[in-house]
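Participant: Starting off with a structure, shown below.
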Amino acid sequence: MKKTFISASVASVLALASFGALAEGPDFYGRLELAVTHTDTGATLQSGTSGVESNYADENNAGTYLENNFSLLGVKGSEKIANGFEVIYQMEFQVENTSNTVSSNNEVFKARNTYLGLKTNAGTVLVGRNDTVFKQSEGGVDIFGNTNADMDRLLNAQTRSADGVSYYSPKIAKLVTLNATYLFDDNDTTAKTTESLYAFSATLGDKAFKEQNYYVAAAYNKGIDAVDAYRGVAQVKLGQFKVGGLFQNAESVINSDVEGNTYLLNISYDLNGVNLKAEYVVDNAGFGNYFRNIAGINFKTAAGVAGVTDTDINIQNMNIGADYRLAKSTMVYGQYAVYTGDYKLNGGTKIDLQDDNVFSVGVRYDF
């Protein structure tokens, strides 16, 4: 009788342990985010937005569109395999739920961060597709991120690259991390195969403002996204305010005469749960979507920089907006962005860029 009781108890414990292990399996998550947007040019809308023609300076692109702001599905998890060793993984895919254009090839799913990694006391290594550490150095300073006012509309090297290896150090003194990304040669789109593609970053503080009320980062990018670039980022939380800034210098790896700076300054304020935010950006480099689409010049290609001996680009961007969480899972927002500027190449005649006024209202649902 006693043996039967013990056997039954052991079986129950094993069953509970198996159930617990099953319950701690991979985490499935996702996001649905849609915005209704009115624009003068369509130049800063999400790629694949239906109805936007390739001639962005054409007034026919003025109108109202439905934008998919990176709706996604993903799964992630970890498993301890030995003392001090933990396997981590993530597979994430963008879901195109609004695109109906030939240029997007009607692809429903697009790859996002997908990697396999190992976490140890000496740091974490990830192998696969991932945001470079240069991109990640932005922290939380991109307060209009993943929308048509994302800072990548003006600056570059905001890259998610495949076939790469990234390393993240443990937090030294609970303050500093040292990070690196190396990309294999098949990521080289500039035919400069004699040079390696890599990025470094160092961060200080906490981008989530949980352990410290400040975040500072410095980063360097070599060759990734066809540029050599460096940046500094800073953001601080002061009561209900958050103030942030970014400086970036970028130079073409094909033609060193194509080079310039980008300056960003923003502020946000939590007013009883309503997050009010404003941002001002000046760009003198011309590597972003707005300049490329309106001017029709792509400085990331050999053809785009051929024969350029100097650049004189002056672009301004102002963004204002507000967002509010109706629940932990659901956020609504509205924002207005204006892009304006001009340029001269090789000391030529000044050319005014077509202004783009962009107004959006949207909803985000996380699960």
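The values are calculated or read from the model by the stated rules, or taken from the named source; none is laboratory data. Everything numeric in this text was worked out from a predicted model, so none of it was measured. Note: ideal-geometry Cβ built from the backbone for every residue, glycine included; neighbour counts use all protein chains shown.
Participant: Kindly list the number of the only condition in (1) surrounded by fewer than 17 Cβ atoms within 10 Å (Cβ to Cβ); (2) assigned to a loop (DSSP other than H, G, I, E, B); (3) charged (D, E, K, R) that fails for D186.
Facilitator: (2)
Participant: Can we say A199 is surrounded by 21 or more Cβ atoms within 10 Å (Cβ to Cβ), under 19 Å from A250 (Cβ atoms) and modelled with pLDDT of 95 or more?
Facilitator: yes
Participant: Pull up segment 305-334, narrow it to residues that are touching a Gly at 6+ places or on another chain (Cβ under 9 Å), among the aliphatic types (A, V, I, L, M) and surrounded by fewer than 17 Cβ atoms within 10 Å (Cβ to Cβ), then point me to the one that is nearest to T349 (Cα to Cα). Explain how you work it out, then say what you get.
Facilitator: Keep residues of segment 305-334 that are touching a Gly at 6+ places or on another chain (Cβ under 9 Å), which gives 309-317, 321-325, 331-334.
Filter again for among the aliphatic types (A, V, I, L, M), leaving 313, 315, 322, 331-332.
If we keep only those that are surrounded by fewer than 17 Cβ atoms within 10 Å (Cβ to Cβ) as well, we get 322, 332.
On the way: A322: 39, V332: 44 Å.
Out of the qualifying residues, it is A322.
Participant: Kindly indicate which of A285, A218 is in a strand (DSSP E or B) and either of a type in the set (A, V, I, L, M, F, W, C) or at pLDDT 95 or above (or both).
Facilitator: Working: A285 fails: in a strand (DSSP E or B).
Exactly one of A285, A218 is in a strand (DSSP E or B) and either of a type in the set (A, V, I, L, M, F, W, C) or at pLDDT 95 or above (or both), namely A218.
Participant: Output the number of residues of segment 139-173 satisfying the condition of being part of a strand (DSSP E or B) and over 27 Å from N213 (Cα atoms).
Facilitator: The initial filter retains those residues of segment 139-173 that are part of a strand (DSSP E or B), namely 160-168, 172.
This time we only want the ones that are over 27 Å from N213 (Cα atoms), so: 160-165.
Qualifying residue count, segment 139-173: 6.
Participant: Then there is this: Of all the residues that make up segment 265-304, how many are of a type in the set (A, V, I, L, M), farther than 29 Å from G362 by Cβ and either touching a residue at least 12 places away in the same chain (Cβ under 8 Å) or buried (at least 16 other Cβ atoms within 10 Å of the Cβ) (or both)? Outline the logic, then answer.
Facilitator: Pass one, segment 265-304, residues of a type in the set (A, V, I, L, M): 265, 267, 271, 274, 276, 278, 281-282, 285, 294-295, 297, 302-303.
If we keep only those that are farther than 29 Å from G362 by Cβ too, we end up with 297, 302-303.
Retained after the next criterion (residues that are either touching a residue at least 12 places away in the same chain (Cβ under 8 Å) or buried (at least 16 other Cβ atoms within 10 Å of the Cβ) (or both)): 297, 302.
Result for segment 265-304: 2.
Participant: Return the only residue of A226, A173 being modelled with pLDDT under 95 and buried (at least 19 other Cβ atoms within 10 Å of the Cβ). Talk me through it step by step, then tell me what you get.
Facilitator: Details: A173 fails: buried (at least 19 other Cβ atoms within 10 Å of the Cβ).
Result of the check over A226, A173: A226.
Participant: Would you say V243 is of a type in the set (V, I, T), surrounded by 14 or more Cβ atoms within 10 Å (Cβ to Cβ) and within 20 Å of G145 (Cα to Cα)? Before you say what the answer is, go through the steps one by one.
Facilitator: Details: of a type in the set (V, I, T): yes; surrounded by 14 or more Cβ atoms within 10 Å (Cβ to Cβ): yes; within 20 Å of G145 (Cα to Cα): yes.
Here the answer is yes, as V243 does meet what is asked.
Participant: Could you grab me the full set of residues in segment 288-318 that are aromatic (F, W, Y), under 13 Å from V258 (Cβ atoms) and in a helix (DSSP H, G or I)? I'd like the intermediate steps shown before the answer.
Facilitator: Residues of segment 288-318 that are aromatic (F, W, Y), as a first pass: 290-291, 299.
So of that shortlist, the ones also under 13 Å from V258 (Cβ atoms) come out as 291, 299.
Matches in segment 288-318: F291 only.
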